[in-house]
1. Which of the numbered conditions does GLU106 fail, given that it passes all the others? Conditions: (1) surrounded by 15 or more Cβ atoms within 10 Å (Cβ to Cβ); (2) at pLDDT below 90; (3) assigned to a strand (DSSP E or B); (4) not hydrophobic (A, V, I, L, M, F, W, C).
2. Among the strands (runs of 3 or more DSSP E) contained in region 268-372, which hold 2 or more residues that are closer than 28 Å to GLY136 by Cα?
3. Output the residues belonging to region 195-212 that are surrounded by fewer than 16 Cβ atoms within 10 Å (Cβ to Cβ) and touching a Lys or Arg at 6+ places or on another chain (Cβ under 9 Å).
4. Give the residues of region 236-263 that are under 13 Å from VAL142 (Cα atoms) and either without any contact (Cβ under 8 Å) to a residue 40 or more places away in the chain or open to solvent by 50 Å² or more (accessible area, probe 1.4 Å) (or both), sorted by residue number.
5. Could you identify the single residue in GLU153, GLU220 that is modelled with pLDDT under 90 and either open to solvent by less than 10 Å² (accessible area, probe 1.4 Å) or over 28 Å from the mean Cα position of the chain (by Cα) (or both)?
6. For region 11-44, enumerate the residues that are assigned to a helix (DSSP H, G or I) and either farther than 24 Å from VAL88 by Cβ or of a type in the set (Asp, Glu) (or both).
7. Being of a type in the set (Asp, Glu) and farther than 16 Å from GLU92 by Cβ is the filter; apply it to region 45-78 and report the residue that is least open to solvent (accessible area, probe 1.4 Å).
Amino acid sequence: MSINYSVLKNDEIAIFKMRSLYKKYGYSQFKMSKFEEYDLYVRNKNYLVSENVITFTDTDGKLMALKPDVTLSIIKNCDDNMKGVTKVFYDENVYRVSKGTESFRELMQVGLECIGDVDTYCIYEVIMLALESLKGISEEYVLDISDMDILYELFDKAEIDSKPRKEIIKCIGEKNTHGIDLICKNYSIDSSFCNKLKKLVSLFGDVDEVMREIRDIVGESDSITQLETIVNLLSKAGYKDNLRIDFSVVSDANYYNGFAFKGFIKGISTWILSGGQYDNLMKKMKKNSKAIGFALYLDLLERFNEEVEEYDVDTVILYDEKSDIDALNDAVKMLTSGGKSVICLKEVTSGLKYKQLLRQNERGVEIIENNA
């Protein structure tokens, strides 16, 4: 059976495409309840996109919440296994404040998680699927990636304490080099470290050239080698023009480590995909496994490439009590089998936009009006 994509909304098309994509790479669908104990979100509120959570008291007196996030539930319910990997995807409704409306909404979110003995191939595969997910929505897309471990290595070499680290990472996320200067001055941090950091944050352009500059700034390390391996694999797979290395892509160090990435498509001003490695979140939730994943925020697609439809329906057929119902049914079947949309009415509804108006009478179906 062929699928008529014209009758589907943008988020419905994306869900169908992503489900097919993720299953092709061996990810199984994760299903969960709409509710979780509120305590799960209280303990990890800084991880959430929004701290606002809809709560209610269950029949047993336990405080519950409509889930604002899926990843936390997956971690809570997954096996802690470092001898293999668990690969799951989801398309679930979440309940949180929408960026566009600043009010609570039921939003569809699609994503995947790879949990367990996560190695270089697992990281490559997840980032590749993030790129493919963006490509499934638009041919004009880009994924910005960074490796937070490289930043941490710079901090360690310069013996930067946790407080200035946190302040500097905030400035990095804002690409605020002036702020980095002020922090280094306030904490008497060596200017050579400050200059390296500002240069790293300002890198942009061809991934091969950027990789060479990163090596000049940071030197050799396992993290640099892994980043180069991932970039080379993605370039070889045909994503080089859709990939950017951008160290301003950072996340909360209490939850994230290693690779972080954000995805963009032309026509939407903000990122629609966000992901990365979250081994630190796993530890916080008493798990030894490693993990990497991403989420695609489908509410941002609601008005993407939206076209105002000129007509509500192709054909209106007017009929009355004297009409031959068999003949009317035959006319509807003939028109719909030809790909047209049809509505049968006794009178035209006010404001209804149609291409063609027909009338069923004793002589058959006659054309009353053509607007196309």
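The values are calculated or read from the model by the stated rules, or taken from the named source; none is laboratory data. From a predicted model like this one, the values you see are computed outputs, not experimental measurements. Cβ: placed from backbone, ideal geometry, glycine included. Neighbour counts: every protein chain shown. Just the protein is used for accessible areas: all its heavy atoms, side chains included, with ligands, DNA and RNA removed. Shrake-Rupley method; radii C 1.70, N 1.55, O 1.52, S 1.80 Å.
1. For GLU106, the failing item is (1).
2. Hits in region 268-372: 273-277, 290-297.
3. Passing the criteria: SER202, PHE204, GLY205, ASP206, ASP208.
4. Of everything in region 236-263, those that are under 13 Å from VAL142 (Cα atoms) and either without any contact (Cβ under 8 Å) to a residue 40 or more places away in the chain or open to solvent by 50 Å² or more (accessible area, probe 1.4 Å) (or both) turn out to be GLY238, LYS240, ASP241, ARG244.
5. GLU220
6. ASP11, GLU12, ASP39, VAL42
7. Only one residue fits best here, namely ASP58.
Per-residue answers, yes or no, for (1) within 30 Å of ASP119 (Cα to Cα); (2) in contact with a Gly (Cβ under 9 Å, 6 or more places away or on another chain):
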position	(1), (2)
ALA253	yes, no
ALA260	yes, yes
GLN277	yes, yes
MET282	yes, no
LEU298	yes, no
ALA331	no, yes
SER337	no, no
TYR354	no, no
